[in-house]
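Sending over a structure as structure tokens; questions will come in a sec.
Taken together, the values in this text are just the output of simple stated rules run on the coordinates, not laboratory data. Because the structure is a prediction, the values reported are computed rather than measured.
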Amino acid sequence: MTTRGYTATKPQLLTRLRRIEGQIRGIERMVDEDRYCIDILTQIAAIQAALDKVGLGLLDGHAHHCMQEGAEEGRADEMTEEMMSAVGRLLRRG
């Protein structure tokens, strides 16, 4: 079995993702019920913040586990470029 940077916290990660999934279903219901636009936008912002937290946790695990393994294998530069590209994708919005 492959060990990833998030392996130790996988149960918490899955719990967070399931909570986010529930929030998204809640937004679907809000739209279906013709709820006020600002209320829906507020929920979208909460989901984005939750996803950001998941993303930062994954980056942290990657930096502390995967990057260390990559450095030991002589791939530090490649791994750094890969991680910085991922950070760039996470920061781009709208």
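What's the extension gain from Asp60 to Thr9 if we count 0.36 nm per residue and subtract their Cα-Cα distance? Please report the intermediate quantities before stating the final value.
Values: separation 51, 0.36 × 51 = 18.36 nm, distance 1.14 nm.
This chain segment gains 17.2 nm when fully extended.
Relative contact order, percent, of the chain when contacts are C-alpha pairs under 8 Å separated by at least 6 residues? Provide the component values of the computation, followed by the final result.
On the way: 42 pairs, mean separation 34.5, N = 94.
Contact order relative to length: 37 percent.
Then there's this: Okay, helix-only estimate at 222 nm for the chain: each DSSP H run of n ≥ 4 adds -39500 (n - 2.57), divide by all residues, round to 500 deg cm²/dmol; what do you get? Please list the in-between numbers first.
Values: 4 runs with 70 residues, N = 94.
Using -39500 (n - 2.57) per qualifying helix, the result is -25000 deg cm²/dmol.
Average the reciprocal distances over every distinct pair of alpha-carbons in the chain, invert the result, and give the Kirkwood radius in Å. Could you put the intermediate results ahead of the total?
On the way: mean 1/r = 0.0653 Å⁻¹.
By the Kirkwood definition, the hydrodynamic radius is 15.3 Å.
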